[in-house]
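What follows is calculated from the coordinates using simple rules that are stated; it is not laboratory data. For clarity, every value in this text was computed on a predicted model and none was experimentally measured.
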Amino acid sequence: GLEFRRVLFRSYNPDNHEESCGLLLATYRSSLDQAHDLGCESIAFPAISTGAYQFPLQRAASIAVSSARTYLEACSTPTLIRFVLFGQADWDVFLQAIDLGLQRFSGDRACLVPDCTPGNRSANLYK
């Protein structure tokens, strides 16, 4: 049968916006490294730290997409990185960051697939 593996990674939530860009980048990288080490084919991220911690959404989206793009270029797994977003505003900002990121993506199999379920938005980056 099919084997499913669900793993929850705890992430760092930066509270100092000026000093935390590197820490947020490290959070994505660490989660992706752990997913790779566990053999996960996919991983899903929310807009980390943009809720209660009020990290700037555009900056967070840029960091998230950049991390995902870099990882897809360098590593074999995970092959799917999904951003699961709550509202339309998050969706629009992440979609813009993904569009910019894909313009710079050098992989030959990168694509974006939006999933517009009511109340949620997800954007998928595939390798």
Gyration tensor over alpha-carbon atoms, segment 23-107, equivalent ellipsoid semi-axes in Å: 20, 15, 11
Segment Ser76-Ser30, length gained on full extension (0.36 nm per residue, minus Cα span): 15.0 nm
Nonlocal amide H pairs with Ala44, under 5 Å, H built at 1.01 Å: Arg82
